Amino acid sequence: MPRMSAEERRESVVLAATAEFARGGYHGTSTEAIAKRVGVSQPYLFRLFPGKKAIFLAAAERCVEDTIRTFEEAAEGLRGDEARQAMANAYTRVIAERPERLMMQMQMYVAVASAEQEGDHEFGESVRAGWTRLWDAVRLALGADVDETTAFLSCGMLINCLVAMGFPPSHRVWEGLYPSARLTGRLEV
């Protein structure tokens, strides 16, 4: 088997970190667990990234970029209601098939709040910049309609919360959402 390049190792660290941070959050995840998942030593991990914060921010950036790509690919060539429905369906599929992406998003928001309480604004600046890019991508697909963008992202956050809390699709809290937004199973990370 050929040796991985440093860039391939960085990629494997981001993927492993996403899975670990999704499950344990920033404070509950050790760099040792990430290194072990990747199959490298901690010193090698720190040759690829300067520290745990850099690893978390790289995983957070990837999570946002993957979500943007999901929306852009789903909405390609579509506008308005067709784009909204396509993006919603694509996102619902992603969080059902790759629950670590949803959980990483949720951990990003918690990490921002926690870091800001401690006076560290780097998490917030990074995550807010990503959220702004996400907002812009959705807004563009929805014909630059701010109200539609707000409604779409609000509904998405509600779905995120309901799924993360494990509400089954048959529960009454899902009643106001369109049927294809309801996941068919429980989230398992």
### Query
To the nearest 10 square angstrom, how much accessible area does Ser154 have with a 1.4 angstrom probe?
70 Å²
#### Entry: Gain upon complete extension [Gln42, Arg172; 0.36 nm per residue less C-alpha separation]
42.1 nm
### Query
Kirkwood hydrodynamic radius of segment 38-189 from all distinct Cα pairs, in Å?
16.7 Å
### Query
If you average 1/r over all unlike Cα pairs in segment 28-106 and invert the result, what Kirkwood radius do you get in angstrom?
14.4 Å
### Task
Using DSSP to define loop residues, name the GluC sites (Glu not before Pro) in segment 113-161 whose beta-carbon has at most 11 other beta-carbon atoms within 10 Å.
Glu118
### Query
So what's the angle, to the nearest 10 degrees on a 0 to 90 scale, between helix 99-117 and the longest Cα principal axis of the chain?
70 degrees
#### Entry: Neighbourhood net charge (12 Å Cβ-Cβ; Lys/Arg +1, Asp/Glu -1) for Ala83
-4
## Note on the structure
With all protein chains present, the chain has a carbon and sulfur share of its accessible area (1.4 Å probe) in percent of 53 percent
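If you take the beta carbon distance between Asp147 and Ala54 as r and set R0 to 45 Å, what does 1/(1 + (r/R0)^6) give as a FRET efficiency, to the nearest 0.05?
Working: r = 37 Å, r/R0 = 0.83.
For Asp147 and Ala54, the calculated efficiency is 0.75.
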#### Entry: Solvent-accessible area per residue, Å², over the chain with all protein chains present [probe radius 1.4 Å]
54 Å²
### Message
Ignoring everything except DSSP H segments at least 4 long, calculate the 222 nm mean residue ellipticity for the chain; use -39,500 (n - 2.57) per segment, divide by total residues, nearest 500.
### Response
-23500 deg cm²/dmol
### Message
Treating only the Cα positions of segment 1-49 as identical point scatterers, give the base-10 log of I(q)/I(0) from the Debye formula at each q in 0.13, 0.18, 0.28 Å⁻¹.
### Response
-0.27, -0.50, -1.07
### Task
Can you tell me which of 84-95, 126-137 comes out highest on packing, and rank the rest after it, using the mean Cβ neighbours within 10 Å?
84-95, 126-137
### Query
Per residue, how much space in cubic angstrom lies within the convex hull of the C-alpha atoms of segment 89-156?
91 Å³
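The values are calculated or read from the model by the stated rules, or taken from the named source; none is laboratory data. Computed from a predicted structure; not experimentally measured. So basically every Cβ, Gly included, is an ideal-geometry build from the backbone, and we count neighbours across all protein chains shown. These accessible areas exclude ligands, DNA and RNA; they are computed on the full protein's heavy atoms, side chains included. Shrake-Rupley method; radii C 1.70, N 1.55, O 1.52, S 1.80 Å.
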